[in-house]
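Below: the structure, in structure tokens.
The values are calculated or read from the model by the stated rules, or taken from the named source; none is laboratory data. This one's a predicted model, so the numbers in the text were calculated from it and none came from an experiment. Ideal geometry is used to build each Cβ from the backbone, glycine not excepted, and the neighbour counts take in all protein chains shown.
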Amino acid sequence: MQAIINRAKELLADGTVARVLGWKAGDLPYNPEPAYFETEEELKDFVYNGFCGANLSKYMIEASKLEGKTMVCLKPCDTYSFNQLLKEHRVDRDKAYIVGVGCKGKLDIERIKKQGIKGIESIEGAEISDEAETLKIQTIYGEKTLPYADAMLERCHVCKGKEHMVFDEQIGESKETKDAERFDEVAKIEAMSPEEKFAFFQSELSKCIRCNACRNACPACSCRKCVFDSNKFDSSQKANADSFEEKMFHIIRAFHVAGRCTDCGECSRVCPQGIPLHLFNRKFIKDIDELYGEYQAGEDTDSKAPLTNYTFEDAEPSIVGKRG
Amino acid sequence: MQRIGVFVCHCGSNIAATVDVSKVAETALMEPGVVHAEDYQYMCSEAGQAKIAAAIQEKGLTGIVVCSCSPRMHEATFRKAAERAGLNPYMVEIANIREHCSWIHKDMEEATKKAVILMRAAVAKVNLNTPLQAGESRVTKRALVIGGGIAGIQTALDIADAGYEVDIVEKTPSIGGRMSQLDKTFPTLDCSACILTPKMVEASAHEKINIYTYSEVEKVSGFVGDFTVDIRKKARCVDMDKCTGCGVCQEKCPSKKALSEFNRGLNTRSAIYTPFAQAIPNVPVIDREACIKFKTGKCGICSKVCQAGAIDYEQKDEIITEKYGAIVVATGFDTINLDKYDEYAYSQSKDVITSLELERVMNAAGPTHGHLERLSDGKAPKEIIFIQCVGSRCSDDRGKPYCSKICCMYTAKHAMLIRDKYPDVNVTVFYIDVRTPGKNFDEFYRRAVEQYGVNYIKGQVGKVIPQPDGKLLVQGSDLLDNRQILKEADMVVLATAIEPNPDVRKIATMLTASIDTNNFLTEAHAKLRPVESPTAGIFLSGVCQGPKDIPETVAQAGAAAVKAIGLLAKDKLLTNPCTAQSDVLLCNGCSTCENVCPYGAISYEDKEVNDHGIRETRRVAVVNNALCQGCGACTVACPSGAMDLQGFSNRQIIAEVDAICR
């Protein structure tokens, strides 16, 4: 963390960047939040630890409109989102000084709490530089320990890898955290009967409170004006048409990001209701891989998008129909 | 609020027998905006159109819905009728209650319910329609013909004779196509070359016709009247201007092992070759796969013997970009691959051949110089068995479901010619049905049976078994006598099914011309527009549209030419106003629409926008309305809904869906 702060100070001092986009400590030990830093003084609040899950690439849409460059801290998985935004002309590469920061897997406070750890006062072992495999958690009920891997976000268990797809410089080492197969959960749902599937999604999506956190955090949901906020369409009313309105919102959202979603997992991370929203997107990714060949959105900035690029080898509609 | 009139057509009994048309009209009156509804026997008739015109004028209608057949059929008719009565033609909507309803349902109550729903959807749409104005576009007075067989040649000649420039693009080194491979033609038995070569010469000598052989269409953009086409002229390695066609290079070429495509691989040719003696142009090409110079770098004999200095090993493919007003597809056919028909022993015995191979065997310029002989040992056959419908009229997925149409006639021809020239040869034909509709066709077939003693057996062949002595044991059934037949033959000829040239898929995709499940190009209307593709400006000539013989192909080629001429004769075309438009305030500038657009109609510009008082420069999509074909791909790809299609706006579509789901 200190290395990032030192470098940020240098870049601010020599005028390379006008501001730094990173994270600052929140009011609790586990909720740092995205923040801009414009002076050395402000940088004393900068933090970077296992709880800095937020994907900062989306903030670069607005930062691209500001005067001067912004130093942005991107984890390996965040760089996929940045690339995708670059491909869609939503961010300006010349306005970004990308520091690829190391990552050893991000932590999921909900998962920690679910394991019976409550009343948290402080957490040791979440620092990036820390080699510890175990978290030491001070709670009002005494000290608890938890293996780091058991506290990780789902997305880190299926990590895309420790390489940054785009960066100006890299600070800190990353760790391989993948220990599960990306599409296992999707395959489980695919194996369900239509009734079971409906019941599963109804039980999950009925928890939705339409807070829009998933949409607001999603780097692919970057429209100037979302169709759900626009009076030009009837989409928002449509989504309110029945008692199970959330399904429409989430299904429409999944279609809108299909082929562009990098599987960064922010939707599920920010959901206050713990809905596994990433499963929708991952089903699309799995289908795209199977029907149009392996494709990872954000891996580069010039490959053709699978759903909007016609080729002679594309699956015939009848074949798609057969798969169901 | 719109004032909408609803007109329900009986279509004789086509609709009225299954749909309660008066009920549809009555129900329509309860729909929002509907002030007039009536039903009539034939809305498309003059009397029907007069009813529409009268209602528009008397009731002051601002929009109409016609519940009738597919808009493909009569949308234009009703739009014109409305326009004559003073209504903007784009205020007309069609509810297809025939193809989408009466023709596919039997139960009157159910069908009526559905017809009402379709009417309701169209009314919901008209409520949101706005008047649109068609623009104009120019017509390039030049036609492209893809394929240089008899179909392409005839079409090109007819268009050129009308005074328009025509380019023929032919994939192989010479024009002539399949017909040039045939020996004699039914039912008159004149020699194929004798009637084809004069046409080839006429086409090549025609001042309005320009032929690109050994060339392929690479890219097509634009639209009716204004297509831009990239043609790849493959490197011939022979300078077409210098070559005199003396043929010395082909004689001296030491590499003579390449299989002759023209002779269906039955013999070989040199690496530098013209496919046949009467080839046009009479300029050889170098087959780089077979050429020793290209394979090893050593040789160069053709270059040394060429007096004209025409050989150019360095020649590169050349891309020619040309503009056309009309495009005619004449890509022809090939015989199907027989890998899935192992029971006929085609891959095991050289004496089992396809009919097209037999054409080459019987041709004086063919591999046996016209002598009928077994390809295995050169012996004269005494017993020949023809098997019909190999891969045609096939119920499983090994073959084709359709009748290849030409086989009955050419088999009768082959049988007759063999019996005429070699009276000691026995000829037997196994058939499912003999189909000979055509002028002088049945007489021709009967002559083969009655005059030439060809033995026709109704029944199929189960297996052909090559024997150790070189004979072929044919096991079949005689359905009329109800008995199994085992018969030895010296030669077996398979009437192999024909299929559209495999390249047609690629070409159809480039042209956005639709294609059926058998890869035949679809016509705009099976009966009324048989030589036009549903894609405007694309015309169909020959077997690419469906199996046909030479007279039919030539007739269709002429028809396609007339349609193309009708288009080229116009100076201006009305453009479709149903094109896409982008809302600058909603546009993200993400390029998704640009990438998905098949017509290259969308580009991006930095524009200053005023978004509720905030002035800023944004990257936004701009649609070129002359290029946009209104396919709507961009409107569904656009994540923010900034792209919308005039006449088919997102709101209109949703209103239709809502009306259907109500």
Could you tell me how many of the residues in segment A:41-66 are in contact with a helix residue (DSSP H, G or I) (Cβ under 9 Å, 6 or more places away or on another chain) and within 14 Å of chain B (Cβ to nearest Cβ)? 5
Looking for whichever is outside any loop (DSSP other than H, G, I, E, B), out of contact with any Leu (no Cβ under 6 Å at 6 or more places or on another chain) and aliphatic (A, V, I, L, M) here; the options are B:52, B:56, B:15, B:104. Which one fits? B:52
Within segment B:647-662, of all residues that are under 12 Å from residue B:118 (Cα atoms) and surrounded by fewer than 19 Cβ atoms within 10 Å (Cβ to Cβ), the one farthest from the other protein chains (Cβ to nearest Cβ) is B:660
Residue that is farthest from residue A:47 (Cα to Cα) [pool: residues in segment A:1-32 that are under 23 Å from the mean Cα position of the chain (by Cα) and of a type in the set (D, E, K, R)]: A:19
Taking segment B:631-651 and keeping only residues that are within 25 Å of residue B:536 (Cα to Cα), in contact (Cβ under 8 Å) with a residue 60 or more places away in the chain and outside any loop (DSSP other than H, G, I, E, B), one is left with B:643, B:644, B:645
Please go through segment A:106-131 and pick out each residue that is free of Cβ contacts under 8 Å to residues at least 40 places away in the same chain and either farther than 27 Å from residue A:74 by Cβ or surrounded by fewer than 13 Cβ atoms within 10 Å (Cβ to Cβ) (or both). A:113, A:114, A:115, A:116, A:117, A:118, A:119, A:131
By residue number, the members of segment B:579-593 that are crowded, with 19+ Cβ neighbours inside 10 Å and not in a loop (DSSP other than H, G, I, E, B) are B:580, B:582, B:592, B:593
Looking at segment B:278-287, is at least one residue in a strand (DSSP E or B), in contact with a helix residue (DSSP H, G or I) (Cβ under 9 Å, 6 or more places away or on another chain) and touching a residue at least 12 places away in the same chain (Cβ under 8 Å)? yes
Need at least 2 residues that are within 19 Å of residue A:220 (Cβ to Cβ) per element, so show me which helices (runs of 4 or more DSSP H) inside segment A:1-102 make the cut, counting only ones lying wholly within it. A:59-63, A:76-87
Taking segment B:514-530 as the region of interest, how many residues are more than 14 Å from every other protein chain (Cβ to nearest Cβ) and either among the acidic types (Asp, Glu) or surrounded by 23 or more Cβ atoms within 10 Å (Cβ to Cβ) (or both)? 2
Note on residue A:89: of the conditions (1) touching a residue at least 12 places away in the same chain (Cβ under 8 Å); (2) more than 18 Å from the chain's Cα centre (by Cα); (3) within 14 Å of chain B (Cβ to nearest Cβ), unmet is (1)
State yes or no: is residue B:541 within 14 Å of another protein chain (Cβ to nearest Cβ) and out of contact with any Phe, Trp or Tyr (no Cβ under 7 Å at 6 or more places or on another chain)? no
Restricting to segment B:93-114, and then to whatever is under 30 Å from the mean Cα position of the chain (by Cα) and hydrophobic (A, V, I, L, M, F, W, C), can you tell me which residue is surrounded by the most Cβ atoms within 10 Å (Cβ to Cβ)? B:97
Going by the structure shown, is residue B:215 more than 20 Å from the chain's Cα centre (by Cα) and in contact (Cβ under 8 Å) with a residue 12 or more places away in the chain? no
The condition from (1) over 17 Å from the mean Cα position of the chain (by Cα); (2) crowded, with 20+ Cβ neighbours inside 10 Å; (3) more than 14 Å from every other protein chain (Cβ to nearest Cβ) that residue B:564 misses is numbered (1)
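Condition check ((1) within 29 Å of the chain's Cα centre (by Cα); (2) under 25 Å from residue B:473 (Cα atoms)) across all residues:
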{"site": "B:377", "(1), (2)": "no, yes"}
{"site": "B:384", "(1), (2)": "no, yes"}
{"site": "B:390", "(1), (2)": "yes, yes"}
{"site": "B:399", "(1), (2)": "yes, yes"}
{"site": "B:417", "(1), (2)": "no, yes"}
{"site": "B:425", "(1), (2)": "no, yes"}
{"site": "B:434", "(1), (2)": "yes, yes"}
{"site": "B:438", "(1), (2)": "yes, no"}
{"site": "B:444", "(1), (2)": "no, no"}
Is it fair to say residue B:628 is out of contact with any Ser or Thr (no Cβ under 7 Å at 6 or more places or on another chain), more than 13 Å from every other protein chain (Cβ to nearest Cβ), of a type outside the set (Asp, Glu) and in a loop (DSSP other than H, G, I, E, B)? no
Regarding residue B:555, is this residue within 30 Å of residue B:178 (Cβ to Cβ) and more than 10 Å from chain A (Cβ to nearest Cβ)? yes
Being away from every other protein chain (no Cβ under 13 Å) and farther than 30 Å from residue B:167 by Cα narrows it down to one of B:633, B:580, so name that one. B:580
Search result, residues across segment B:130-171 that are crowded, with 24+ Cβ neighbours inside 10 Å and outside any strand (DSSP E or B): B:147, B:148, B:149, B:150, B:151, B:152, B:153, B:154, B:155, B:156, B:159, B:170
Listed by first then second residue, the pairs whose first member lies in segment B:359-375 and is among the polar types (S, T, N, Q), whose partner is assigned to a helix (DSSP H, G or I), with beta carbons under 9 Å and at least 6 positions apart or on separate chains, are B:363/B:181; B:363/B:192; B:363/B:193; B:368/B:360; B:368/B:361; B:368/B:362
Where residues in segment B:459-488 are under 15 Å from residue B:390 (Cβ atoms) and part of a loop (DSSP other than H, G, I, E, B), which of them is modelled with the lowest pLDDT? B:460
Any residue at all in segment A:170-186 that is aliphatic (A, V, I, L, M), within 16 Å of residue A:276 (Cα to Cα) and touching a residue at least 40 places away in the same chain (Cβ under 8 Å)? yes
One residue is enough: does segment B:408-424 have a residue meeting the conditions in contact with a Pro (Cβ under 6 Å, 6 or more places away or on another chain), outside any helix (DSSP H, G or I), surrounded by 14 or more Cβ atoms within 10 Å (Cβ to Cβ) and at pLDDT 95 or above? no
Every residue in segment B:593-610 that is at pLDDT below 90 and either closer than 13 Å to residue B:637 by Cβ or within 9 Å of chain A (Cβ to nearest Cβ) (or both), please. B:595, B:596, B:597, B:598
Residue list for segment B:611-646, filter: modelled with pLDDT under 90, touching a helix residue (DSSP H, G or I) at 6+ places or on another chain (Cβ under 9 Å) and surrounded by fewer than 19 Cβ atoms within 10 Å (Cβ to Cβ): none
Every residue in segment B:596-609 that is crowded, with 17+ Cβ neighbours inside 10 Å and either in a helix (DSSP H, G or I) or of a type in the set (S, T, N, Q) (or both), please. B:596
